[in-house]
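What follows is one structure encoded as C-alpha cells, with my remarks underneath.
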Amino acid sequence: MYVWTPRAFQTGETGCGPETTTPKVPRAPPCPGARRPLTSSAERGGGGRRSLHVRTAAGRMAVIRCFAALRAAPGLWRWAAGTAAGTQGRRSSRGYTVSPAQSSPTFGFLLDIDGVLVRGHKVIPSALEAFRRLVNSQGQLRVPVVFVTNAGNILQDGKARELTALLGVKVDPDQVILSHSPLKLFSKYHRKRMLVSGQGPVVENARSLGFENVVTVDMLRMAFPVLDMVDLERRPKSTPLSRTDFPAIEGVLLLGEPVRWETNLQLIMDVLLSNGNPGTGLATAPYPHLPVLASNMDLLWMAEAKMPRMGHGTFLLCLEAIYRKVTGKELRYEGLMGKPSILTYQYAENLIRRQAEKRGWAAPIQKLYAVGDNPMSDVYGANLFHQHLQKAKREGPGDLQKQQPSTTQSCTSILVCTGVYSPQAAGSTQPAPGGEQTPFHGHRDFDFSPELMQASHVVRDVNEAVQLVLHKEGWAL
Ligand SMILES: [Mg+2]
C-alpha cells in the first residue's frame with residue numbers, strides 16, 4: 001500500500017486527458033502518525049487469498065441467494081449490458097463539446113460519504129477541493145462518480161440533495177447508493193408482507209425499493225401491545241383483547257439501526273419464533289425461519305463525536321446473539337448487502353457504467369477506485385470485489401457474468417484518515433504491525449482476512465485520493 005502525498009506532484013503537470021504512459025507513483029511521507037509502510041494488495045492482482053471470503057455456510061448461502069435474486073431480475077442487468085455494448089462514438093447527450101481525451105474516461109470513483117466527504121452535517125474541507133478537481137469548466141463531472149454509503153435511514157433523493165448542498169456540485173439520486181439500494185433486485189420478496197426495522201422514512205424507503213406490503217415495528221407493537229414490555233411506561237395498563245385479524249408476516253427487512261433497540265429486537269424475535277404470527281406464538285420455533293434481508297453491516301461509524309458510534313452491524317450482532325442463545329441455531333440472511341458485500345459493488349459498477357453512457361463517454365470503464373474511511377467496509381469490500389473481478393477473469397464468465405458483461409478490470413482501495421480509520425488510534429481496524437491481532441469488526445458471515453483490510457493506498461483525505469488517481473491515470477490535477 002502506498003502512503004501518498006500530493007506534494008510529490010507539484011511539478012506542473014498539464015493536459016486534460018490520459019497520457020500514453022502512466023507515470024510511476026513515487027513513495028512519499030505517510031499521513032500523520034502512520035505506523036508503518038504498507039504494501040499494495042489490490043494492485044498486485046488480487047493479493048492474498050483467492051477465494052471469496054464469506055465465512056459461514058449461512059453466509060455462503062446468503063451470497064448464493066443474492067446471486068439468485070439477481071438472476072431473477074434480468075431487466076436490471078440488461079441496461080448494464082446495453083451500456084457496455086452500445087455507446088461507441090456517441091456524443092454527449094447534453095450537447096457540450098469536450099476534447100477527445102476528456103470525453104472517454106476509463107475509470108470511475110466510488111466515494112464513501114461519512115468520514116470521507118462529511119462528518120455529521122459538516123462537509124470535510126478537502127471534499128470541496130476534491131470536487132473542484134473533478135468538475136470541468138461547466139461544473140460537470142469529468143469522470144463517473146457514485147456515492148456509496150452504508151447509511152440507510154434516509155431517502156436516496158434526500159441524500160442527493162444533501163450532497164448537492166454540501167459539495168456545491170449537482171448530485172443526482174441515481175448517483176447515490178444507500179446500503180439497502182440493492183434490495184431493488186430482490187423482487188421475489190416485493191409482494192410479501194414484510195416487517196421493516198429502522199428509523200426515519202422506513203416505509204417510504206421500503207416502498208421505493210419495491211416492497212409493496214410493509215409493516216413497521218410500531219404498527220406491530222400497536223397491534224399487540226403486550227409484546228413490548230421492556231419500558232415500564234409503555235406497558236399496557238390493562239390486558240388488551242387478543243387479535244386474530246392481523247395477517248401473518250412473511251419476512252423481515254432490516255434497513256438500519258432503530259431508535260429503540262430493545263423493542264425492535266424483541267418484536268423481530270417474536271416474528272421469527274412465531275413464524276410471522278406473534279399474537280399466537282408457537283411451541284417450537286420454525287427453522288429455517290422466515291426470510292431476513294439486511295443492509296448495512298457496519299459495526300461502527302464516524303460522526304462529529306471523537307469516537308466511533310455503534311452502527312447497524314452492532315444491532316445485527318445483538319439480534320444474531322439473541323437468536324442463537326434462544327434457539328441454539330444461527331440466524332440466516334436471505335440477503336446481506338451494503339459494503340463490503342460484492343453485490344453492492346456490482347450495483348455501483350452498473351451505475352458507473354450507466355452514468356458514462358448518459359454522458360456519451362465511449363471508452364469502457366476498466367478501473368474503479370473506491371475511497372473510504374473504514375477498513376472493514378470500504379477497504380475490505382473494494383478488495384473483495386477486486387478478487388471477484390480477478391476470479392472472473394481467470395475462470396471465465398459465470399452465469400452472472402454472462403448476464404452482466406463487465407469491462408471492469410480492477411477495483412483499487414484507497415483509505416483516508418478523516419473518519420473511522422486513524423493510524424494513531426488504539427483499536428484501529430487496520431491490522432497492527434508485527435502480526436499483532438486486532439479485533440475483527442466485520443460481520444459474522446465474512447472471514448477475518450487481514451490482507452483484505454490492507455488498502456492499496458493510504459492518503460490523508462479525499463482530495464489527496466483524487467489527486468492520486470488523476471495522476472495515476474495521467475489526467476490533469
Ligand atoms: Mg465512512
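The values are calculated or read from the model by the stated rules, or taken from the named source; none is laboratory data. Just so it is clear, the structure is predicted and the values come from calculations on it, not from any experiment. Because the Cβ atoms are built from the backbone with ideal geometry, glycine has one as well, and the counts that use them run over all protein chains shown. The area values use the complete protein model at the heavy-atom level, side chains included, leaving out ligands, DNA and RNA. Shrake-Rupley method; radii C 1.70, N 1.55, O 1.52, S 1.80 Å.
When the residues of the range 363-378 are narrowed to those that are more than 16 Å from the ligand (Cβ to nearest atom) and not in a loop (DSSP other than H, G, I, E, B), which ends up surrounded by the fewest Cβ atoms within 10 Å (Cβ to Cβ)? Once the filter is applied, the top-ranked residue is LYS367.
Would you check which residues across the range 241-270 are of a type in the set (A, V, I, L, M) and either open to solvent by 60 Å² or more (accessible area, probe 1.4 Å) or part of a helix (DSSP H, G or I) (or both) and list them? Don't jump to the end; show me each part of the working.
Of the range 241-270, the ones of a type in the set (A, V, I, L, M) are 241, 248-249, 252-255, 259, 265, 267-269.
LEU241, VAL259, LEU265, LEU267, ILE268, MET269 - these are the residues of the range 241-270 that are of a type in the set (A, V, I, L, M) and either open to solvent by 60 Å² or more (accessible area, probe 1.4 Å) or part of a helix (DSSP H, G or I) (or both).
Quick one: would you say SER413 is outside any helix (DSSP H, G or I), open to solvent by less than 30 Å² (accessible area, probe 1.4 Å) and either at pLDDT 95 or above or hydroxyl-bearing (Ser, Thr, Tyr) (or both)?
On the way: outside any helix (DSSP H, G or I): yes; open to solvent by less than 30 Å² (accessible area, probe 1.4 Å): yes; either at pLDDT 95 or above or hydroxyl-bearing (Ser, Thr, Tyr) (or both): yes.
Yes, satisfied.
Checked against the criterion of being over 26 Å from LEU265 (Cβ atoms), within 15 Å of the ligand (Cβ to nearest atom), of a type in the set (Gly, Ala, Ser) and open to solvent by less than 10 Å² (accessible area, probe 1.4 Å), the candidates GLY311, GLY338, GLY381, GLY360 yield just one match: GLY381.
Of everything in the range 429-463 that's among the polar types (S, T, N, Q) and over 12 Å from VAL379 (Cβ atoms), which residue is modelled with the highest pLDDT? Please lay out each step first, then the result.
Keep residues of the range 429-463 that are among the polar types (S, T, N, Q), which gives 429-430, 437-438, 449, 454, 456, 463.
Then keep just the ones that are over 12 Å from VAL379 (Cβ atoms); that gives 437-438, 463.
Numbers: GLN437: 65, THR438: 71, ASN463: 98.
Among those residues, the one meeting the criterion is ASN463.
Out of the residues in the range 289-308 meeting the condition of being more than 23 Å from PRO225 (Cα to Cα), open to solvent by less than 30 Å² (accessible area, probe 1.4 Å) and in a loop (DSSP other than H, G, I, E, B), tell me which one is nearest to the ligand (Cβ to nearest atom).
MET302
Only residues that are under 17 Å from the mean Cα position of the chain (by Cα) and part of a helix (DSSP H, G or I) were counted in the range 316-352, giving 12. A single member of LEU110, LEU166 is surrounded by 14 or more Cβ atoms within 10 Å (Cβ to Cβ), assigned to a helix (DSSP H, G or I) and either within 16 Å of the ligand (Cβ to nearest atom) or in contact (Cβ under 8 Å) with a residue 40 or more places away in the chain (or both), and it is LEU166.
Before we move on, is GLN138 touching a Pro at 6+ places or on another chain (Cβ under 7 Å), open to solvent by 30 Å² or more (accessible area, probe 1.4 Å) and either polar (S, T, N, Q) or part of a loop (DSSP other than H, G, I, E, B) (or both)? I'd like the intermediate steps shown before the answer.
On the way: touching a Pro at 6+ places or on another chain (Cβ under 7 Å): no; open to solvent by 30 Å² or more (accessible area, probe 1.4 Å): yes; either polar (S, T, N, Q) or part of a loop (DSSP other than H, G, I, E, B) (or both): yes.
Considered against the rule, which asks whether it is touching a Pro at 6+ places or on another chain (Cβ under 7 Å), open to solvent by 30 Å² or more (accessible area, probe 1.4 Å) and either polar (S, T, N, Q) or part of a loop (DSSP other than H, G, I, E, B) (or both), GLN138 comes out as no.
Among the residues of the range 271-288, those that are under 25 Å from LEU209 (Cα atoms) and crowded, with 20+ Cβ neighbours inside 10 Å comprise VAL271, LEU272, GLY276.
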